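Down below is the structure, laid out as structure tokens.
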Amino acid sequence: MQYQFPNNFYWGSAASAAQTEGTTLGDGKSDNIWDHWARQEPNRFFNGVLPTETSTFYDHFRNDIGLMKAINHNSFRTSIAWSRLIPDGVGDVNPQAVEFYNNVIDELIEQGIEPFICLFHFDMPIAMQNIGGFENRDVIEAYANYAQTCFELFGDRVKHWFTFNEPIVTVEGGYLYDFHYPNIVDFKRASVVAFHTMLAHAQAVMRFRQLNIDGQIGIVLNLTPSYPRSDNANDLLASHHCDLLFNRSFLDPAVKGEYPQDLLTLLKKYDQLPAVEASDCDVIQQGKVDIIGINYYQPRRVQAKLHAIHPDAQFMPEWLFDSYEMPGRKMNPHRGWEIYEKGVYDILINLRDNYGNLPCYISENGMGVQGEDAFSVNGQIQDDYRIEFVSEHLKWIHKAINEGSACFGYHMWTFIDNWSWCNGYKNRYGFYQLDLNTQERRIKKSGQWYANVAKNNGFNDPQGG
Ligand code: BG6
């Protein structure tokens, strides 16, 4: 069967500043939370590989953009590092950063690759974190000023902007589950950070509108469907609570300009609501996006709680549900994540039916594999598993589009194997393999396959289905 995509469909991949640029000494960049934390606790990083050693895009961007073109990308998302552009978080702009991002954007456009630019991908400048990060309302203002600076500097050429990448992950990692700096475990503070992040998002959208920039602005969310174990009322409630906490806490304000009443009622019941100021609701209303990016890797499966909570335990999302391992689930054994391709269809149909069919694209999807060298034959990684992963997801995206979804593109995570937060280079995701010793980039079989998909705006699968 032929899976043909709409004209002008965006084919590409995604990456982020902190994961690819590498720190180049003397270029004016200051520390973000990752640079700082890595020095404090290097043991937290897989094999001790720290954020200084990311894939040197800062030095090799022209070559790398050439490699994107070689596999027929027509679009690419990366982020601007706030700590590079405005090293103190507020105040002076770093001219070397302006030159670098201008060069990257110009080179992308020169090669026929549409730049999709995100303003924040987990990388809070340490100067801002030191005054409380998004717990402090001053940081909302600082972020809005930074966003405005980006629009003014690059808005003449960038037509697709994103305020945040997966803002819930910063909240989960930094304020609930201890896998991002500042390693706080406190739901109430997490709730404040989540709310202030959305205020910062909305302020950035307002600045964008005020400047009358020609282009569209959105947000990238990891929308993880919460599938209940059964249709028992308690399982359904557990899944509803997960959906409220992990999806709708960002999706509803971003698209509808308001929080779901059920979420507010739930947080109030457990005394976890953040403080709200008089103008906040109005600000959130004005943060409605034009487009949305969807990151999808794995589903969430849940069931009603099986056991009572310890009376002394502090409030956590897990008070409301237990995870559920579906028997017979399909797994990516290398990453330990479930593969459920239909999840991407369910997300797109949900946006079609419940969110006004807002224009959207798949901004990340991918398959991390540990020890990928084992699949190398004559110097090339034969990642047929990745080709199957992508094509099976694309079939569901194709079906959703045929049924009216306004999905306009697909970006893989990622382009060249890159550094991944605490996981370092453990899980490889790229279309190009990165040799950590020589920095050489080698195309994988999936990169060649994807080049044809992009060229043909679709693919054929004789097996169909
Ligand atoms: C996404 C992030 O959540 O997943 C990326 O936006 C990240 O920054 C990617 O690298 C893959 O996750 P991981 O943990 O396997 O590297």
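Put V185, V169 in order of accessible area, highest first, and with a 1.4 Å probe you get V185, V169. Loop sites here are GluC sites (Glu not before Pro) outside DSSP states H, G, I, E and B with no more than 11 other Cβ atoms within 10 Å. The longest part of the chain free of them is 1-276. For a bin width of 5 Å, list the pair-distance distribution of segment 138-195 built from all Cα-Cα distances, rounded to whole %. Final binned percentages: 4, 18, 20, 18, 15, 12, 9, 4, 0. The convex hull of the Cα atoms of segment 2-460, projected and averaged over all directions, covers 21.5 nm². Under a Cβ-Cβ cut-off of 15 Å, what is the net charge of the residues other than N8 that fall near it, where Lys and Arg count +1 and Asp and Glu count -1? The answer is +1. Each Lys or Arg adds one and each Asp or Glu takes one away; over the other residues whose Cβ falls under 10 Å from the Cβ of Y297, this sums to -1. In this label model, Q382 and R137 are separated by 6.2 nm, measuring between points 7 Å along each Cα→Cβ vector.
To the nearest 0.05, what FRET efficiency results for D186 and N402 with a Förster distance of 56 Å applied to their C-beta separation? The value I calculate is 0.80.
Per-atom-type breakdown for the chain gives carbon and sulfur 49% of the accessible area (1.4 Å probe, protein chains only). Averaged over its residues, the chain has an accessible area of 39 Å² per residue, based on protein heavy atoms and a 1.4 Å probe. The mean sequence separation of alpha-carbon pairs under 8 Å and at least six residues apart, normalised by the residue count of the chain, gives a relative contact order of 19 percent. Counting Lys and Arg as +1 and Asp and Glu as -1 over every other residue whose Cβ lies under 15 Å from the Cβ of G430, the net charge comes to +1. Note on segment 340-465: antiparallel DSSP beta bridges, both residues inside, total approximately 70 percent of the bridges counted.
In deg cm²/dmol and to the nearest 500, what is the mean residue ellipticity at 222 nm of the chain if only DSSP H runs of at least 4 residues count, each as -39500 (n - 2.57), divided by the residue total? Mean residue ellipticity, 222 nm, calculated: -11500 deg cm²/dmol.
Taking amide hydrogens as placed 1.01 Å from N in the peptide plane, the amide H of E364 sits under 5 Å from those of I294, N295, Y296, H411, each at least 5 positions away in sequence or on another chain. The simple Förster model, with R0 at 30 Å and r as the Cβ-Cβ distance, assigns Q261 and N130 a FRET efficiency of 0.25.
When Rg and the Kirkwood Rh are both derived from Cα coordinates, the Rg/Rh ratio for segment 37-79 amounts to 1.16.
The length gained on full extension between D322 and N456, counted as 0.36 nm times the residue separation minus their Cα-Cα distance, comes to 43.9 nm.
Between the beta carbons of Q439 and M1, assuming R0 = 35 Å, the FRET efficiency works out to 0.30 to the nearest 0.05.
Secondary structure note: in segment 2-460, about 30% of the DSSP beta bridges are antiparallel.
The values are calculated or read from the model by the stated rules, or taken from the named source; none is laboratory data. Predicted model only: the values in this text are computed from it and were never measured. FYI the Cβ positions are ideal-geometry reconstructions off the backbone, even for glycines, and counts take in every protein chain you see. For accessibility, only protein heavy atoms count, side chains too; no ligands or nucleic acids. Shrake-Rupley method; radii C 1.70, N 1.55, O 1.52, S 1.80 Å.
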